[in-house]
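Asks: Take this structure, written in structure tokens, and hold onto it; I'll ask about it next.
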Amino acid sequence: MEMTMRWFGSKFDTVTLKQIRQVPGVTGVITTLYDTTPGEVWSREKIKALKDEVEASGLHISGIESVNIHDAIKVGTPDRDLYIDNYIQTLENLGLEGIHMVCYNFMPVFDWTRTELARKLADGSTGLAYSQEAIDRITPENMFEEISKDSNGAVLPGWEPERMAKIKELFEMYSTIDSEKLFANLKYFLERIMPVCDKYDINMAIHPDDPAWSVFGLPRIIINKANILRMMKMVDNPHNGVTFCSGSYGTNLENDLPDMIRSLKGRIHFAHVRNLKFNCTEPGHLDFEEAPHLSRTGSFDMYEIMKALYEIGFDGPIRPDHGRMIWDEVAMPGYGLYDRALGATYLNGLWEAIEKSSTRK
Ligand code: CS2
Ligand code: MN
């Protein structure tokens with residue numbers, strides 16, 4: 001595996017490439033052209049400029065998170081082919097610049113959903129949290145407002161103000177879409193993009209739906225082992241793969257994370273590793289917060305997760321996922337420097353121990 005950190009670009013990120021370069025063992029960044037909108041072609045010049053900037057810092061681009069999918073593709077409207085053509089052009093331009101991993105998601109309307117961006121945790125830090133009771137009380141419109149209030153001035157990925165303005169229209173668009181249609185539209189998209197992925201050896205890595213169930217009545221399909229294996233089979237090409245995100249699949253405690261990892265051998269192209277702490281697991285009162293990465297501070301066994309990745313021979317990029325805000329840092333929620341740097345170091349430590357104990361028998 002290669003340890004990386006997500007970086008949103010110098011115009012948007014409070015964290016600098018210089019800082020990332022100094023996190024031990026981090027050699028690459030996962031980045032994006034954050035000011036492009038879904039459906040737009042990424043020009044080769046812009047990709048090249050981003051690449052040059054990253055490389056000048058001594059790091060390299062290990063993959064893109066995300067090239068977002070236009071709603072027309074998810075909904076399957078008649079103009080989807082135009083947006084798929086644009087997507088193919090973007091993939092070609094990325095391939096020509098030597099970028100071989102693209103993370104994306106297929107969630108209707110929202111990307112991740114949390115009810116708090118800055119819940120005060122027991123140690124005085126703050127982190128993202130989800131409470132079912134809070135979700136049941138609010139509407140999607142209110143949620144957008146709440147989310148922007150606590151975002152420390154940052155535009156959060158998937159929560160762009162342009163989308164907020166169109167929320168009613170977006171819900172309308174998806175009103176006839178159920179899980180089966182969403183699967184069919186995903187298949188159509190993947191079949192069309194596989195030739196360009198084959199040509200340039202681009203690994204597509206779908207991010208799970210977060211949380212791993214349907215929210216506000218919208219269908220969500222990338223949520224468990226059965227569905228993800230269905231997706232791998234429905235377009236059975238190694239370039240059709242996944243981002244294994246422990247914090248997203250892990251929202252559903254029925255998901256056995258190490259077992260899912262083992263079942264996806266050869267198809268995990270990117271890993272997001274983070275821990276959650278469940279305060280209540282009763283369905284109507286479900287409550288969890290994003291904990292530090294260390295196993296004993298949360299509900300997951302991070303050693304078992306890393307061990308499963310090691311055992312399937314995972315050799316793609318991995319990144320610590322959301323971190324808390326600690327030591328008075330002010331940054332995009334989930335994406336400060338300090339807690340993610342601690343996370344990267346801890347995950348590197350686990351990996352070293354697993355590697356040495358399995359090769360020195
Ligand atoms: C990310 C997602 O911040 C996060 O929670 O894991 O936003 C992820 O980047 C997207 O779903 C992938 O397109
Ligand atoms: Mn993730």
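The values are calculated or read from the model by the stated rules, or taken from the named source; none is laboratory data. Treat the numbers as computed from the prediction; the structure is a model and nothing was measured. All Cβ positions, glycine included, derive from the backbone under ideal geometry; neighbour counts span all protein chains shown.
Asks: When the range 261-276 is examined, which residues are found to be outside any strand (DSSP E or B), surrounded by 18 or more Cβ atoms within 10 Å (Cβ to Cβ) and either among the charged types (D, E, K, R) or within 14 Å of ligand 2 (Cβ to nearest atom) (or both)? Steps first, please.
Replies: From the range 261-276, those outside any strand (DSSP E or B) are 261-267, 274-275; that's our starting set.
Pick out the ones that are also surrounded by 18 or more Cβ atoms within 10 Å (Cβ to Cβ) and you get 261, 264, 267, 274-275.
Correct list: R267, R274, N275.
Asks: Go through the range 296-322 and report how many residues are under 26 Å from L337 (Cβ atoms), in contact with a Leu (Cβ under 9 Å, 6 or more places away or on another chain), part of a helix (DSSP H, G or I) and more than 16 Å from ligand 1 (Cβ to nearest atom).
Replies: Residues flagged as under 26 Å from L337 (Cβ atoms), in contact with a Leu (Cβ under 9 Å, 6 or more places away or on another chain), part of a helix (DSSP H, G or I) and more than 16 Å from ligand 1 (Cβ to nearest atom) within the range 296-322 amount to 3.
Asks: For the range 181-230, name all the residues that are of a type in the set (S, T, N, Q) and over 25 Å from Q132 (Cα atoms). Don't jump to the end; show me each part of the working.
Replies: So the first thing to find is which residues in the range 181-230 are of a type in the set (S, T, N, Q), and the list is 185, 203, 214, 224, 227.
Listed by number, the residues that qualify are N185, N203.
Asks: Listed residues G98, G63; which is surrounded by 20 or more Cβ atoms within 10 Å (Cβ to Cβ) and of a type outside the set (D, E, K, R)? Even if it seems obvious, please write down each step before you answer.
Replies: On the way: G98 fails: surrounded by 20 or more Cβ atoms within 10 Å (Cβ to Cβ).
Exactly one residue qualifies, and that residue is G63.
Per-residue answers, yes or no, for (1) farther than 29 Å from P195 by Cα; (2) without any contact (Cβ under 8 Å) to a residue 24 or more places away in the chain; (3) not in a strand (DSSP E or B):
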position: I20; (1), (2), (3): yes, no, yes
position: G39; (1), (2), (3): no, no, yes
position: G63; (1), (2), (3): no, no, no
position: N68; (1), (2), (3): no, no, yes
position: L82; (1), (2), (3): no, yes, yes
position: C103; (1), (2), (3): no, no, no
position: T113; (1), (2), (3): yes, no, yes
position: R119; (1), (2), (3): yes, no, no
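Asks: Considering each residue of the range 227-256, count those that are in contact with a Phe, Trp or Tyr (Cβ under 6 Å, 6 or more places away or on another chain) and either surrounded by fewer than 19 Cβ atoms within 10 Å (Cβ to Cβ) or at pLDDT below 95 (or both), and give that number.
Replies: 1
Asks: What are the residues in the range 84-100 that are assigned to a helix (DSSP H, G or I) and touching a residue at least 60 places away in the same chain (Cβ under 8 Å), if any? Let's see the steps before the verdict.
Replies: Restricting attention to the range 84-100, the residues satisfying the condition of being assigned to a helix (DSSP H, G or I) are 84-96.
Listed by number, the residues that qualify are I84, Y87, I88, L91, E92, L94, G95, L96.
Asks: Also, I was wondering about something else. Give the number of residues within the range 176-218 that are assigned to a loop (DSSP other than H, G, I, E, B), touching a residue at least 40 places away in the same chain (Cβ under 8 Å) and more than 16 Å from ligand 1 (Cβ to nearest atom).
Replies: Restricting attention to the range 176-218, the residues satisfying the condition of being assigned to a loop (DSSP other than H, G, I, E, B) are 176-178, 201-202, 208-218.
Still in the list and also touching a residue at least 40 places away in the same chain (Cβ under 8 Å): 177-178, 201-202, 208-212, 215-216, 218.
Then keep just the ones that are more than 16 Å from ligand 1 (Cβ to nearest atom); that gives 177-178, 201, 216.
Adding up the residues that qualify gives 4.
Asks: While we're looking at this one, here's another question. Would you call G313 within 26 Å of T27 (Cβ to Cβ), surrounded by fewer than 14 Cβ atoms within 10 Å (Cβ to Cβ) and not hydrophobic (A, V, I, L, M, F, W, C)?
Replies: Yes, satisfied.
Asks: Can you pull out the residues in the range 84-118 that are farther than 20 Å from E45 by Cα and more than 16 Å from ligand 1 (Cβ to nearest atom)? It would help to see each step written out before you state the result.
Replies: The initial filter retains those residues of the range 84-118 that are farther than 20 Å from E45 by Cα, namely 84, 103-118.
The one that is farther than 20 Å from E45 by Cα and more than 16 Å from ligand 1 (Cβ to nearest atom): I84.
Asks: Does the range 323-339 hold any residues that are assigned to a loop (DSSP other than H, G, I, E, B) and within 16 Å of ligand 1 (Cβ to nearest atom), and which are they? Give the derivation first.
Replies: To start, the set of residues in the range 323-339 that are assigned to a loop (DSSP other than H, G, I, E, B) comprises 323-324, 326-337.
G323, R324, A331, M332, P333, G334, Y335, G336, L337 - these are the residues of the range 323-339 that are assigned to a loop (DSSP other than H, G, I, E, B) and within 16 Å of ligand 1 (Cβ to nearest atom).
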